[in-house]
Every structure is written in structure tokens, then in C-alpha cells.
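Down below is the structure, laid out as C-alpha cells.
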Amino acid sequence: MKVAKIETLACDAGWRNYHFVKLTTDEGIVGWSEFDEGFGAPGVSAVIHKLSERVIGKPVSDHEVIYAELYCATRPAAGGVIALAMAAIENALLDAKAKALGVPVYALLGGKVRDKIRVYWSHCATWRINHPDYYKPAIKDLDGVKAIGAEVKKKGFTAAKTNIFIYDDKKQNPKGYRPGFGVPFSPALNVDRDVLRNLRMHLEALVDGAGGEIDLLLDLNFNAKTEGYLRILREIADFKMFWVEIDSYSPEALGYIRRQSPHPISSCETLLGLREFLPYFREQAMDVAIVDTPWNGVWQSMKIANAAEAHEVNVAPHNFYGHLCTMMNAHFSAAVPNLRIMETDIDRIAWDDELFTHVPEIVDGHLIMPDRPGWGTEPNEEALKAHPPKGKGLLNYGSEKK
């Protein structure tokens, strides 16, 4: 069975677009993958189209050979959007191969270690603050944060992750604090007292709403430098944190932070390829390595997870996309022995479920693994057409309300 055609499709996903690869074989089997082009990665679709010229006519089962050939062809400019495009093609090949064999993708990865996967509610309060037009009810004050904390517990989730927000003088009208992404534009990335005070208020409200009975995760992204991260960690030392997520370009700096942190540290969601992860493993820079399988490719991500295991580090997938990405990450999570927990977004846009043939089944805070062939879901092309993608202005999701 050989690759006959590779296409990219996209649709409106509210404040962003979803992007997909559709790989058709000469036997009529279709493999799918989901990728992201909006969050700092413009042009992935164009790279996929260009790389496809080297993939057409190749055996679907030879995904490792295909990946190696594509790497050789792009070695002078390896990484970045090229790596993302290669991963998108690899993931579609895996889906097609598994469907041809009549097995779930996790069977290609060595079989599942677990039947259900603990998930945490990601962007808890975040989406309802940043994107109130799409996620209801909108959160406008600390009472709204308490309410979603209670909702997390009521719906059976045992863990939730949130971000940093700045409230006005009346402790209302929160706004996302993301200087690492230019919101606000403050390239020095200094952390002042106001940021620390607001962070404490926000975390206290979320914990209070949940009755103190959920594991709390905090994502700091690239929003500080070493000094600032340490200030934040000292400020929240009295909280019982499941982890604090930190992005840093320096494994040495991250290792320095981890050795002084009162909380477990997770990191690495923006890294591409095993070679980029290795310095962080050697430095023992984090407690949990976050792997983005849409960006790395699920097959390549298994190699990263294996290396993490050899360094006594557990892994967790980065997952803030559509339902297809959730299932791609679920197959990875089902197969790796050293899984910590899986990220997923519970707040969804109104038409999310229409876009896919099957949606993830989550019971008591756990994703139940299906045994359907391939990823176990695929895009509904008619639904994609009914929600055409937005045009320009989505780089780094700059069109969101600020």
C-alpha cells in the first residue's frame, strides 16, 4: 500500500483554526493527522505540500524510512516548521498503517500499558477569561474562578491547570499575563509585586472553589527569566502544587531553578526532536518532560519517552488542540510506561464535536481508550466545510481579546 495523495485541510475553531493532513493511499485507505499552524508556526501547510513530493509513491508502512529521508533532504534547515511538517506527515502515515492492519495506533507502539488515562483540565479559567465569546460562562472576577474550581470537582476531575492573570483594583476584569508572547509587550520579562499578588489571589480562588481537593498545576510558559521564576516559586511555596510548568531555552538555568524549587517542575513542550531534549535530561532539569506529539510525531515521541525513562523522568503530552490531537496524544499516553498525566481542554467551542467522527470519552477524570483502528477518530469533512477557516491575523493567536 503506497501513498497516493497528501492534502491539508483547515476549519474555523473559534479564536483559531484547526489544521489537518489527509493522506490517501492507492488502496483507498485514508490516514489523518492534526497539526497546528497558528501558535508561532506559520507556513507549516506550505512545507507539508513541498515535502509531500518526496512521499507520494512511498509505502505507507515505511514511515521511519520516510522520516529519515525527509530529514536528510532538509538537514541544512532542520527543525522549526520543517520538523512540524514532518511530524504531521508521520502521524498521518501511522493512522493509515494502523487502519490497514485493522488495529489501534497504540498496537504499533508496542501495545497499551493502560486502558484509561488520567487527564487534567487544562486552561482552567484561562479560556473563559481570554475568550469569553467562545467559552461560557465568561469569567469576570474571582467569584467566577471559584465557580470553575467547584465545577472541576463536580465533574469528577482530580487535577486542573491555570495561568497568570492580572485583575483590576476591584479584583475584577482579569487579563492574561503573557509577556513571553508579547501580551503585554515587556521583553525584559521582569516579575513585579503586582504579578505575584495577582497570582496568589487567582490560585487561592481556584483552590477555594474546588474545596482544596484537586491537584493544582500552574503554567508559567516563557513569561519570566530565571530570577522571575524563582520569585514566583518562593511566592507560592505554601501551595500544594502538582507541578509548575516553565519554559526555558537553557537546560542549565532550568536545572538551577528545579534544584531550588519547592514544587515539581515540568518543561520542554516546545522542543523538537530527541536531540533537543537530551541536554535537559542530562541536566536533570525537570521532573516531568512535556512532549508535543503533533509537533514531534508520535513515533519520534516514543523515542523521546524512552530516553526520558532512561533518565528516570516521566512524560506528559502537550495537548491544547482539537479532538484528533487529543486521540493522537492518548495513543502515545496509553503506550508509554513512564506517563505522569495527560493534558486536555474540557472547555470546547460550540461546534467542536461536529468536526470529528468520535469524541474522546472521559469518565471520572480519565480518558477511556477505544479499540477502533487508527487514531479512533477522524475529521468530518462536511463539517469542516461548514466552518471554513479564518483568514489572516492568527499568528500567535493575536486576534484574541486582550
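Each value in this text was obtained by applying a stated rule to the coordinates, not by laboratory testing. Fair warning: this is a prediction, and the values are worked out from it, not measured in the lab. Because the Cβ atoms are built from the backbone with ideal geometry, glycine has one as well, and the counts that use them run over all protein chains shown.
Within region 227-246, the set of residues being closer than 23 Å to F157 by Cβ, of a type in the set (F, W, Y) and not in a strand (DSSP E or B) comprises F239 only. Among residues of region 361-390 that are over 21 Å from N91 (Cα atoms) and touching a residue at least 60 places away in the same chain (Cβ under 8 Å), those with a Cβ under 8 angstrom from a residue that is of a type in the set (S, T, N, Q) and buried (at least 16 other Cβ atoms within 10 Å of the Cβ), sequence gap 6+ or separate chain, pair up as I362/T344; G365/T158; P389/N17; K390/N17. For region 139-174, the tally of residues that are surrounded by 16 or more Cβ atoms within 10 Å (Cβ to Cβ) and part of a loop (DSSP other than H, G, I, E, B) stands at 7. Here I349 clears all of (1) out of contact with any Ser or Thr (no Cβ under 8 Å at 6 or more places or on another chain); (2) farther than 15 Å from C268 by Cβ; (3) in a helix (DSSP H, G or I) except the condition numbered (3). Select from region 175-199 the residues that are assigned to a loop (DSSP other than H, G, I, E, B), hydrophobic (A, V, I, L, M, F, W, C) and more than 25 Å from the chain's Cα centre (by Cα) and list them in ascending order. Those that are assigned to a loop (DSSP other than H, G, I, E, B), hydrophobic (A, V, I, L, M, F, W, C) and more than 25 Å from the chain's Cα centre (by Cα): A188, V191. Determine whether A224 is of a type in the set (G, A, S), part of a loop (DSSP other than H, G, I, E, B), under 17 Å from P262 (Cβ atoms) and free of Cβ contacts under 8 Å to residues at least 60 places away in the same chain. Judged against the criteria, A224 is a match. Quick one: in region 307-329, which of the residues that are closer than 21 Å to L108 by Cβ and of a type in the set (V, I, T) is nearest to the chain's Cα centre (by Cα)? Restricting to residues being closer than 21 Å to L108 by Cβ and of a type in the set (V, I, T), the top hit is T326.
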